[in-house]
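To keep things clear, I will list the structure first and then write my remarks on it.
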């Protein structure tokens, strides 16, 4: 509970006081109107949905032309799931399902999202990641994806991870955008058959760092909107037959 309270307070601060990074993307495409996770017993899957005032997924990042400083836009579901539910070892932090777009790099080596037989050129296509978020006061947004030393033998990652020294997975779930909604379908067995958890919805700007050792590899720099308004993770999964 303490880590959740800390996470909430940090995110509220970033929502109110974030700097200029990512300000150019602050539009209705990232103004969340509704967030919902529905479990289908028939499909043995959950359907995660963020609905915005504009057109979900319509705004894409402008390429930086390099990995360092590369922009990442995301529709993010912070949850009360445990890291072990999605294939990581147990660590402190908040498990989130992030739907992202980033044209400067491809971190889904197992998946060919644009179906052109090139597995290294489709980072701009909206795709999912499991991540573990932690407090990070070094950046304006106050949060980053949890990193680890490359020789840390305690780290466990799913086999679908992209090979970066962060608690990140590239699970390959199907993401669709249509009108005001962006959705992703997650099979039950890919999240330890968990259907009773809390969640929220966040639209945010993130940025990659590969040069400055005293800065995070992937940090949250701007929060555009929060479904609950205060990131209290108040929403429960709806159960459907």
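Every read-out reported here was derived from the displayed coordinates using simple, explicitly stated rules and does not represent laboratory data. It should be emphasised that the depicted structure is a prediction, and the values quoted were computed from it without experimental measurement. All Cβ positions, glycine included, derive from the backbone under ideal geometry; neighbour counts span all protein chains shown.
Residues of region 40-63 being touching a strand residue (DSSP E or B) at 6+ places or on another chain (Cβ under 6 Å) and farther than 20 Å from residue 228 by Cβ, which ones?
Those that are touching a strand residue (DSSP E or B) at 6+ places or on another chain (Cβ under 6 Å) and farther than 20 Å from residue 228 by Cβ: 40, 45, 57, 60, 61.
Quick test of your reading of the structure: residue 158 fulfils all but one of (1) surrounded by 22 or more Cβ atoms within 10 Å (Cβ to Cβ); (2) touching a helix residue (DSSP H, G or I) at 6+ places or on another chain (Cβ under 9 Å). Name the failing condition by number.
(1)
From the list 74, 69, which residue is within 21 Å of residue 224 (Cα to Cα) and surrounded by fewer than 19 Cβ atoms within 10 Å (Cβ to Cβ)?
None of the others qualify; the one that does is 69.
Return the only residue of 150, 178 being surrounded by fewer than 19 Cβ atoms within 10 Å (Cβ to Cβ) and within 30 Å of residue 51 (Cβ to Cβ).
After ruling out the rest, the residue left standing is 178.
When only residues in region 138-147 that are touching a residue at least 60 places away in the same chain (Cβ under 8 Å) and assigned to a loop (DSSP other than H, G, I, E, B) count, which is surrounded by the fewest Cβ atoms within 10 Å (Cβ to Cβ)?
If we take residues in region 138-147 being touching a residue at least 60 places away in the same chain (Cβ under 8 Å) and assigned to a loop (DSSP other than H, G, I, E, B), then 138 is surrounded by the fewest Cβ atoms within 10 Å (Cβ to Cβ).
Go through the residues of region 207-221 one by one and say whether even a single one is more than 17 Å from residue 106 (Cβ to Cβ) and in contact with a helix residue (DSSP H, G or I) (Cβ under 7 Å, 6 or more places away or on another chain).
Checking region 207-221: at least one residue is more than 17 Å from residue 106 (Cβ to Cβ) and in contact with a helix residue (DSSP H, G or I) (Cβ under 7 Å, 6 or more places away or on another chain).
Can you tell me which residue within region 199-215, out of those that are surrounded by fewer than 23 Cβ atoms within 10 Å (Cβ to Cβ) and touching a residue at least 40 places away in the same chain (Cβ under 8 Å), is farthest from residue 80 (Cα to Cα)?
The residue in question is 211.
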